[in-house]
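The values are calculated or read from the model by the stated rules, or taken from the named source; none is laboratory data. Source: prediction; values computed, not measured. Cβ sites come from the backbone with ideal geometry, for glycine too, and all protein chains shown count toward neighbours.
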2 protein chains.
Amino acid sequence: MIKKFLNSPGPTAVPPEILSDMAQPLIHHRTPKFSDIIKENHAMLKNIFMTQNPVITLTSSGTGAMEASISNFLSRGSKILVISAGKFGERFGEIGRAYGADVIELKAPYGKDVKAGEAAEVFRNNPLIEAVYTEYSESSTGVAFDIKGFAELTHNTEAILVVDGITAIGAMEFKMDDWGVDVAIAGSQKSFMIPPGLSFIGVSEKASKKMDKAGMPRFYFDLKKEIKSLENSTTAWTPAITLIMGLNRALKMMGKEGIENIIRRHHIIAEIIRSSLKSIGLELQAAPGVRPSDTLTAVKVPAGLDGIKIPGIMRDRYGVTIAGGQDTLRGKIFRLGHLGYVDKSDILIVLQALELTLKDVGYKFEPGKSIFTAQKMIMENYIF
Amino acid sequence: MIKKFLNSPGPTAVPPEILSDMAQPLIHHRTPKFSDIIKENHAMLKNIFMTQNPVITLTSSGTGAMEASISNFLSRGSKILVISAGKFGERFGEIGRAYGADVIELKAPYGKDVKAGEAAEVFRNNPLIEAVYTEYSESSTGVAFDIKGFAELTHNTEAILVVDGITAIGAMEFKMDDWGVDVAIAGSQKSFMIPPGLSFIGVSEKASKKMDKAGMPRFYFDLKKEIKSLENSTTAWTPAITLIMGLNRALKMMGKEGIENIIRRHHIIAEIIRSSLKSIGLELQAAPGVRPSDTLTAVKVPAGLDGIKIPGIMRDRYGVTIAGGQDTLRGKIFRLGHLGYVDKSDILIVLQALELTLKDVGYKFEPGKSIFTAQKMIMENYIF
């Protein structure tokens, strides 16, 4: 018998009580009962985003919300700055080009971040930049960006700051209004502990004003229409009802724990995982001196090992699903997710399966060392 | 105690075994196990659409697939013909205009249909038309359109025929390849018996060829990317995993019953409902001589009654959720859904609650008459 665990950087495991709520008989979405759910969810989402402004729920993956963050605020030829150091951040550039934006890209190597100072220089040299797009937690490399620093760029300018917070919001400190983020994006299958199919997008007043002048075509992802629907506690189109019911339960669980505690839990778990990995000689993809993400850890495959095999062996032989590297990082890293429905037990579950897997692919280390390190730190930091 | 039933034209009731499948622990979407599901689903969807060509599954409502059917095949300024007689058909025109298409509209009054002959005339007079958009079952009026007739228009021309089959495919006869439909759209929360959140779009070879020249911007709904992903049994973006698991079970149930039997079941249920309603003096929104849809029945509110109240009373007092009229038909009609997970029992459930509701709003009729009519016909037509 091999128990199965989902410890990827998304989708994440769904708590049994949420699975059970989502398995209740379907209700219709144009009913007072469902409107109450929309209203409750909205108030709770605003608490997570730390904003007074609307946070829209779309039936799509996070990429849909990223597209909405381009098409609702820009016109053909609009100049934008995309700051990235990984596959997901780069997606803003791809979407921008697909819609005819004039994209300036500021990239750092995968595993590094872009410093706010560098970005400020590019921003100053290009006064026509209408919007700056960046990522909070780059899911392909496990690096966290300095969003507070980037927000200073657009503050007191006409430009808006758009943040992909898909693997960050709801797990890492994020203060949309305080920091001055104009558009913030999150996804259901990450910190929100529910299956994929919903994305969330918060829109500041400054960003809202840009919508009227934005000439890019949009229909399904028309945020103005969604904001108007939200005012009537409904959605513009038929939403993914079961996921929205699950979200209701998830947001209540998150509210009960408290966002500060959630953030602390994620930070401690991430710290323990990072130290445990280092204790058996592994290196992180996040370069030294760069802030690692607290929701996932990308680990370099040690020299000489067949990295492609690691996620498959870990899943099929030892029951734990993690993620491999993507595109140019394929076979060079593997990625452990630790966000959403995770506690101390997940640390040990991931590390025990990883040690077994690493032994199978021929890595030399002291068996049990990462588990020992983890348990020691768990006992010292027990706050769960 | 009042039992709750969902008898709207979508979302529809979900069978308990599907709810239970969707409540299983989440699996990751980039795994061999999930790829097998995608592959199985694809083969079964092709059987339902009756096509040899790809049928893509998108994480969105049906409106998302409608948008995809505009943005993937056209360029700014492309001339299109939109044939409609209701709110949902008109949506193609709205999307077309949002994307800068040159839209010619051919409309019939709500409750009627557009005849293929009329459409042929407009089509011939406008040789630059690149695509014809229409609806099979108009969910706002309960009218079925002559898709086979419209297909003759575009046959042997460069133009493509796009059909909104959201409340038709999987419940009414539909032969995508035989009839010559180029793009066909369906939605999960209709005949497919699962919650909303997925849409399906079949693409003919002729339509596929238009994609390369189509200049409208698209990213999340990029069908070429999805077709390529489908060839590798995956999806371009993170899909709504639980819904896709539920779809797998639903398609297997549909395969076991057989599409011919499903179509017959829907037709008989619809016939019985229509006759039963008429037996208590009610009139359908579908005008005499016009083919009514077999998946929903729109009923005119008898003169002098407060039609706005009917769906609310029926739901809150008698436990059965149906739908009201929308926009200009608000308060003038109510709509009974009979698609997907429906059998003989649903006929009686809907009619008993409707009779009780009609009595409450002051309609004069012989109590029990519609139920009597229905039961008589059920016994004569028993094939379930």
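Taken over region A:71-106, the criterion of being hydrophobic (A, V, I, L, M, F, W, C), within 16 Å of A:Glu130 (Cβ to Cβ) and facing chain B (nearest Cβ under 8 Å) is satisfied by A:Ile95 alone.
Kindly indicate whether A:Ser20 is of a type in the set (Ser, Thr, Tyr), crowded, with 24+ Cβ neighbours inside 10 Å and in the same structural domain as A:Thr134 (by TED's automatic domain parsing). Working first, answer last.
Working: of a type in the set (Ser, Thr, Tyr): yes; crowded, with 24+ Cβ neighbours inside 10 Å: no; in the same structural domain as A:Thr134 (by TED's automatic domain parsing): yes.
For A:Ser20, the condition - of a type in the set (Ser, Thr, Tyr), crowded, with 24+ Cβ neighbours inside 10 Å and in the same structural domain as A:Thr134 (by TED's automatic domain parsing) - is not met.
If you go through region B:223-243 one residue at a time, do you hit one that is at pLDDT 95 or above, within 14 Å of chain A (Cβ to nearest Cβ) and over 25 Å from B:Ile27 (Cβ atoms)?
At the first step, the residues of region B:223-243 found to be at pLDDT 95 or above are B:223-243.
If we keep only those that are within 14 Å of chain A (Cβ to nearest Cβ) as well, we get B:223-226, B:229, B:234-243.
Now drop any that are not over 25 Å from B:Ile27 (Cβ atoms), which leaves B:223-224.
Yes, region B:223-243 contains a residue that is at pLDDT 95 or above, within 14 Å of chain A (Cβ to nearest Cβ) and over 25 Å from B:Ile27 (Cβ atoms).
In this structure, is A:Ala214 among the hydrophobic types (A, V, I, L, M, F, W, C), within 14 Å of another protein chain (Cβ to nearest Cβ) and within 20 Å of B:Ile95 (Cβ to Cβ)?
Details: among the hydrophobic types (A, V, I, L, M, F, W, C): yes; within 14 Å of another protein chain (Cβ to nearest Cβ): yes; within 20 Å of B:Ile95 (Cβ to Cβ): yes.
Taking the combined requirement at face value, the residue satisfies it.
Filtering region B:201-210 down to residues that are away from chain A (no Cβ under 14 Å) and crowded, with 17+ Cβ neighbours inside 10 Å, which residue is farthest from B:Asp182 (Cα to Cα)? Full working, then the answer.
Step one: filter region B:201-210 for residues away from chain A (no Cβ under 14 Å), giving B:202-210.
So of that shortlist, the ones also crowded, with 17+ Cβ neighbours inside 10 Å come out as B:202-204, B:206-208, B:210.
Details: B:Gly202: 8, B:Val203: 6, B:Ser204: 5, B:Lys206: 7, B:Ala207: 6, B:Ser208: 9, B:Lys210: 11 Å.
Only one residue fits best here, namely B:Lys210.
Return a yes/no flag: does region B:119-128 have any residue that is in contact (Cβ under 8 Å) with a residue 40 or more places away in the chain and touching a Ser or Thr at 6+ places or on another chain (Cβ under 9 Å). Within region B:119-128, one or more residues are in contact (Cβ under 8 Å) with a residue 40 or more places away in the chain and touching a Ser or Thr at 6+ places or on another chain (Cβ under 9 Å). The single condition from (1) under 25 Å from A:Pro195 (Cα atoms); (2) surrounded by 24 or more Cβ atoms within 10 Å (Cβ to Cβ) that A:Tyr318 fails is (2).
Among the residues of region A:281-298, how many are touching a Phe, Trp or Tyr at 6+ places or on another chain (Cβ under 9 Å) and under 18 Å from B:His28 (Cβ atoms)?
Number of matching residues: 1.
Could we say that A:Ser35 is surrounded by fewer than 16 Cβ atoms within 10 Å (Cβ to Cβ) and free of Cβ contacts under 8 Å to residues at least 24 places away in the same chain here? Steps first, answer last, please.
Numbers: surrounded by fewer than 16 Cβ atoms within 10 Å (Cβ to Cβ): yes; free of Cβ contacts under 8 Å to residues at least 24 places away in the same chain: no.
No, not satisfied.
Among the residues making up region B:150-186, those that are crowded, with 24+ Cβ neighbours inside 10 Å and part of a strand (DSSP E or B) are B:Ile160, B:Leu161, B:Val162, B:Val163, B:Asp164, B:Ile169, B:Val183, B:Ala184, B:Ile185, B:Ala186.
A quick yes/no check of all residues on (1) closer than 30 Å to A:Leu329 by Cα; (2) among the charged types (D, E, K, R); (3) free of Cβ contacts under 8 Å to residues at least 12 places away in the same chain:
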{"position": "A:Met1", "(1), (2), (3)": "no, no, yes"}
{"position": "A:Asn7", "(1), (2), (3)": "yes, no, no"}
{"position": "A:Val14", "(1), (2), (3)": "yes, no, no"}
{"position": "A:Glu17", "(1), (2), (3)": "no, yes, no"}
{"position": "A:Met22", "(1), (2), (3)": "no, no, no"}
{"position": "A:His42", "(1), (2), (3)": "no, no, no"}
{"position": "A:Asn53", "(1), (2), (3)": "no, no, no"}
{"position": "A:Leu58", "(1), (2), (3)": "no, no, no"}
{"position": "A:Ala65", "(1), (2), (3)": "yes, no, no"}
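Considered as a group, the residues in region A:226-243 that are more than 25 Å from the chain's Cα centre (by Cα) and not in a loop (DSSP other than H, G, I, E, B) include one that is surrounded by the fewest Cβ atoms within 10 Å (Cβ to Cβ), and that residue is A:Glu231. Among residues of region B:301-316 that are at positive phi, those with a Cβ under 8 angstrom from a residue that is at pLDDT 95 or above, sequence gap 6+ or separate chain, pair up as B:Gly304/B:Gly362.
In region A:1-43, what residues are β-branched (Val, Ile, Thr), at the interface with another protein chain (Cβ under 10 Å from one of its Cβ atoms) and over 16 Å from B:Gly197 (Cα atoms)? Talk me through it step by step, then tell me what you get.
Applying the first criterion (β-branched (Val, Ile, Thr)) to region A:1-43 yields A:2, A:12, A:14, A:18, A:27, A:31, A:37-38.
Still in the list and also at the interface with another protein chain (Cβ under 10 Å from one of its Cβ atoms): A:12, A:14, A:18, A:27, A:31.
Result: A:Thr12, A:Val14, A:Ile18, A:Thr31.
Scanning region A:84-104 for residues that are touching an Asp or Glu at 6+ places or on another chain (Cβ under 8 Å) and part of a strand (DSSP E or B) returns a single hit, A:Ser84.
Is region B:53-60 home to any residue that is part of a loop (DSSP other than H, G, I, E, B), modelled with pLDDT of 95 or more, within 14 Å of chain A (Cβ to nearest Cβ) and surrounded by 24 or more Cβ atoms within 10 Å (Cβ to Cβ)?
If we filter region B:53-60 for residues that are part of a loop (DSSP other than H, G, I, E, B), which is where we start, we get B:53-54, B:60.
Imposing the further condition that a residue be modelled with pLDDT of 95 or more reduces the set to B:53-54, B:60.
Applying the additional criterion that residues be within 14 Å of chain A (Cβ to nearest Cβ) yields B:60.
Subset that is surrounded by 24 or more Cβ atoms within 10 Å (Cβ to Cβ): B:60.
Yes, some residue in region B:53-60 is part of a loop (DSSP other than H, G, I, E, B), modelled with pLDDT of 95 or more, within 14 Å of chain A (Cβ to nearest Cβ) and surrounded by 24 or more Cβ atoms within 10 Å (Cβ to Cβ).
Hey, among the residues in region A:263-298 that are among the charged types (D, E, K, R) and more than 27 Å from A:Gly362 (Cβ to Cβ), which one's surrounded by the most Cβ atoms within 10 Å (Cβ to Cβ)? My answer is A:Asp294.
Being farther than 30 Å from A:Ile38 by Cβ and not in a loop (DSSP other than H, G, I, E, B): is that true of A:Arg249 here?
Values: farther than 30 Å from A:Ile38 by Cβ: no; not in a loop (DSSP other than H, G, I, E, B): yes.
Answer is no for this residue.
For B:Ala43, state whether it is touching a Phe, Trp or Tyr at 6+ places or on another chain (Cβ under 8 Å), more than 18 Å from B:Thr154 (Cβ to Cβ) and in a helix (DSSP H, G or I).
Values: touching a Phe, Trp or Tyr at 6+ places or on another chain (Cβ under 8 Å): no; more than 18 Å from B:Thr154 (Cβ to Cβ): yes; in a helix (DSSP H, G or I): yes.
Criteria not met by B:Ala43.
For region B:244-260, which residues satisfy the criterion of being away from every other protein chain (no Cβ under 14 Å) and either under 18 Å from the mean Cα position of the chain (by Cα) or hydroxyl-bearing (Ser, Thr, Tyr) (or both)?
Of the residues in region B:244-260, the ones away from every other protein chain (no Cβ under 14 Å) are B:248, B:251-260.
If the condition is that a residue be away from every other protein chain (no Cβ under 14 Å) and either under 18 Å from the mean Cα position of the chain (by Cα) or hydroxyl-bearing (Ser, Thr, Tyr) (or both), then B:Leu251, B:Met254, B:Ile259, B:Glu260 are the ones that fit.
Of everything in region A:204-219 that's in contact (Cβ under 8 Å) with a residue 40 or more places away in the chain and in contact with a helix residue (DSSP H, G or I) (Cβ under 6 Å, 6 or more places away or on another chain), which residue is farthest from A:Leu19 (Cα to Cα)?
Step one: list which residues in region A:204-219 are in contact (Cβ under 8 Å) with a residue 40 or more places away in the chain, which gives A:204-208, A:210-211, A:213-218.
Going one step further and asking which of them are in contact with a helix residue (DSSP H, G or I) (Cβ under 6 Å, 6 or more places away or on another chain), we end up with A:211, A:216-218.
Numbers: A:Met211: 37, A:Met216: 38, A:Pro217: 37, A:Arg218: 33 Å.
Among residues in region A:204-219 that are in contact (Cβ under 8 Å) with a residue 40 or more places away in the chain and in contact with a helix residue (DSSP H, G or I) (Cβ under 6 Å, 6 or more places away or on another chain), the one farthest from A:Leu19 (Cα to Cα) is A:Met216.
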